[in-house]
1. Taking the chain as a Gaussian network, Cα atoms linked when under 10 Å apart, which of Phe38, Phe50, Phe131 shows the biggest mean-square fluctuation?
2. Gap in Å between the Cα centre of region 91-160 and the Cα centre of region 49-79?
3. Could you please rank Met48, Met1, placing first whichever residue has the fewest other Cβ atoms within 10 Å of its Cβ?
4. Anyone know which of Tyr60, Tyr37, Tyr71 comes out most mobile in the 10 Å Cα GNM of the chain?
5. Show that you can apply the helix-only estimate: for the chain, add -39,500 (n - 2.57) for every DSSP H stretch of four or more residues, divide by all residues, and state [θ] at 222 nm to the nearest 500.
6. Out of residues 5 or more away from Ile102 or on other chains, whose amide H comes under 5 Å of its own, with H placed 1.01 Å from N in the peptide plane?
7. Exactly which GluC sites (Glu not before Pro) in region 1-103 are in a DSSP loop and have at most 16 other Cβ atoms within 10 Å?
8. Can you give the FRET efficiency to the nearest 0.05 for Asn109 and Lys41, using r as the Cβ-Cβ distance and R₀ = 25 Å?
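Please treat every number below as a calculation from the coordinates, not as lab data. Source: prediction; values computed, not measured. Virtual Cβ from ideal backbone geometry, glycine too; neighbours counted across all protein chains shown.
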Amino acid sequence: MEIKQGYVYHIKEDYFKFVNDEKLMRNHEGNSTRPNYFCIKLDNSDIMWFIPMSSKVDKYKDIIENKVRKYKKCDTIVIGNYRGREHAFLIQNMFPIISKYIDHIDTVNGKALQVPSETRRLIMDKVNKIFRLKENGIDLIFPNVDRIKKLLLNELIEKK
């Protein structure tokens with residue numbers, strides 16, 4: 001399966017067992033394949049980054065409002081459009097992944113939909129800022145993405 005940046009995917013449960021990180025949002029709430037994950041690539045490696053999405057927009061608008069009140073900004077959550085509705089894109093919960101652990105692309109009536117360009121741009125601006133902060137010792141990402149990325153890179157090396 002070709003994985004495309006800007007689209008939304010679902011993850012196999014094996015991923016969560018493999019990386020074993022308690023800070024990752026749980027997969028498959030009930031019998032659904034939620035949450036959905038927005039896919040981005042940051043370089044030319046086989047590592048992709050997934051950003052969990054939530055339809056609980058009011059909850060995350062409150063969190064954003066509290067962060068703005070406290071810190072004068074919020075770079076960890078973006079409220080944006082997908083499927084014609086607002087969704088919260090949880091940059092604070094993003095993580096690396098490889099294609100082996102991706103189950104399927106999210107579709108509507110059999111058609112994969114790309115996240116609209118304005119939302120993608122907002123997300124990428126925040127992601128780039130979050131990684132610049134991380135390089136300077138300020139880590140705003142909840143999962144241990146360095147450890148997860150190392151696990152995935154080791155798995156890719158063993159596969160070759």
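1. Fluctuation is largest for Phe131.
2. First find each Cα centre; the distance between them is then 17 Å.
3. Met1, Met48
4. Tyr71
5. -11500 deg cm²/dmol
6. So Ile102 has HN proximity to Lys12.
7. Glu2, Glu22, Glu29
8. 0.40
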